[in-house]
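What follows is a set of notes on a single structure, which appears directly below.
The values are calculated or read from the model by the stated rules, or taken from the named source; none is laboratory data. Source: prediction; values computed, not measured. FYI the Cβ positions are ideal-geometry reconstructions off the backbone, even for glycines, and counts take in every protein chain you see. Areas reflect the complete protein model, heavy atoms only, side chains present, ligands, DNA and RNA absent. Shrake-Rupley method; radii C 1.70, N 1.55, O 1.52, S 1.80 Å.
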Amino acid sequence: MNYKSILSIVILAHLSYFGSAQEGKTDQNLSDFTMSNPSSPAFLLVGESPTEIYTPTNLKALALHVFNNFGESFSIEVAPYFFINRKSKDRTYYKYIGIEEDKTTGEIKQKPFRGLNTTTLSAAYVDKEFEGIEGKRKTYSIGLRTTLLRFYDKDKIYNEAKKVGNILKNLDSPPVSVLTDASGDDPVKRAIAEKAIIEHYKKEKEKISPQLKEFKKTTKPYVSVDGAIGYSALFKGDKIDSGTANRLGSWITGQGSLILNEGSDSERNNYLNVLVTARYIEDEFNIGDNDQFFKTFYRDLGAKVELEIDRFSLAYEYISRDGSINSERSVGTLKYILSKDITLIGGFGKDFPVDDNLVTVFGINWGVNFGGKVTMKE
């Protein structure tokens, strides 16, 4: 084993932003970024979410969403991209966000449809009361969401990545004697040398961490369009053979994001986000005077304005419902980022139902990343 191989293995295994400078690569750990999916399509379909308008920018391999009546309302969301072909050397960060360099011309290109790798599958369970139906009903949902289009500032992102690569190239190498022992045949000396290399680069990481801080901020696409579908089944009775009433929905959401603190030394980028959504739903979660379930149809059209400042996010959304039922939703939400994997979110306002339409929702979103690092080629 030569010293270049040792350096590559050690750095890849222990330093999230570090890579083999000899090979012109750096590593970006996707779990470094803060999760931004505040709910799941499976939850939205059953009205169990503080916000019904969102387009997640950063995903985790697995996300757990829990709202209000903990234990009676939860959703799991999985992003298949993080589990498929994880060891591929062609699995680059540039490809993940859809920014690539043409190998022939050297031109930086934006791949707007690459957002399809953000596809998520979700499943939810709720035990709650629905309008017009007496008592709580057990309900199960499944959903699928994907980004249909997204556009980043490709030149800015590419230039930032090259800056990271230049910083990493300035890393001081361990002493030649240590590298020699690490590539030698003596297993004892080799183990000691490899440990010394790890410690050396830990110190190097501490030394240049201030220079890398600005590159760990979340960068949103300036325009994105998401699509989602969901299906939910409500058990009509307490027995498994009591039959189900069904709800089916599909919707599309567009978002525009404007960064407010470009070039600042703050820990996070602040954004003003504007979102619009359109949704169509077939709903059989209705019961008539004869205790028979019946189906309604309605269309939703709405918008949301969101201000993200540091760890806080304040938003207001309005959705108008037209069809078999005419109603509206007017809700304000507050989100606080507890850590890169845990977010607290609450909502207050008026929901669609005619009766008991006060929204007071509090929840926790927890994300887990199993995807590890992907390579950023310079």
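For the reader, a short list of remarks on this structure follows.
- Amide H partners (placed H, <5 Å) of Lys340, local residues excluded: none
- The range 251-292 - percent of accessible surface contributed by carbon and sulfur, probe 1.4 Å: 51
- Here the gap between Ile108 and Lys202, fully extended at 0.36 nm per residue and compared with their Cα-Cα distance, gives a gain of 30.5 nm.
- Mean Cβ neighbour count within 10 Å, used as a protection proxy, ranking 109-115, 244-250 highest first: 244-250, 109-115
- Reported value for the range 171-275: 270 Å³ per residue, from the convex hull of its C-alpha atoms.
- Over the range 283-372, all Cα pairs binned in 5 Å intervals from 0 give whole-percent P(r) values of 3, 11, 16, 17, 15, 13, 11, 8, 4, 2, 0, 0, listed from short to long.
- ³J(HN,Hα) computed for each position of the range 130-141 - Karplus, 6.51 cos²θ - 1.76 cosθ + 1.60, integer Hz, glycine/proline x: 10, 4, x, 10, 6, x, 6, 10, 6, 9, 10, 9
- The range 71-228 - charge dipole about Cα centre, Lys and Arg +1 at Cβ, Asp and Glu -1, debye rounded to 20: 240
- Cα Rg, Dmax (largest Cα-Cα span) when computed across the range 197-354, Å: 22.4, 76
- When the charge dipole of the range 60-189 is built from unit charges on Cβ atoms (+1 for Lys and Arg, -1 for Asp and Glu) and taken about the Cα centre, the candidate among Val164, Thr105, Ile84 whose Cα reaches farthest toward its positive end is Thr105.
- Charge dipole magnitude, Cβ of K and R +1, D and E -1 - the range 230-355, Cα centre, debye nearest 20: 100
- Residues Ser173 and Leu307, FRET efficiency given R0 of 41 Å [Cβ-Cβ distance, rounded to 0.05]: 0.35
- Projection of the Cα convex hull of the range 312-361, averaged over all directions and equal to a quarter of that hull's surface, yields 4.1 nm².
- Size check on the range 98-165: the Cα extents along the three principal axes, sorted descending, read 65, 23, 17 Å.
- Spherically averaged projected area in nm², based on the convex hull that wraps the Cα atoms of the range 164-214: 3.7
- In terms of packing, defined here as the mean over residues of other Cβ atoms within 10 angstrom, the peptides 363-369, 328-334 line up highest first as 363-369, 328-334.
- Two-site label geometry, Leu272 and Leu260: point separation in nm, points 7 Å out along Cα→Cβ: 0.8
- Remark on Asn261: its backbone amide H falls under 5 Å from those of Asn270, a criterion applied only to residues 5 or more positions apart or on other chains, H modelled at 1.01 Å from N.
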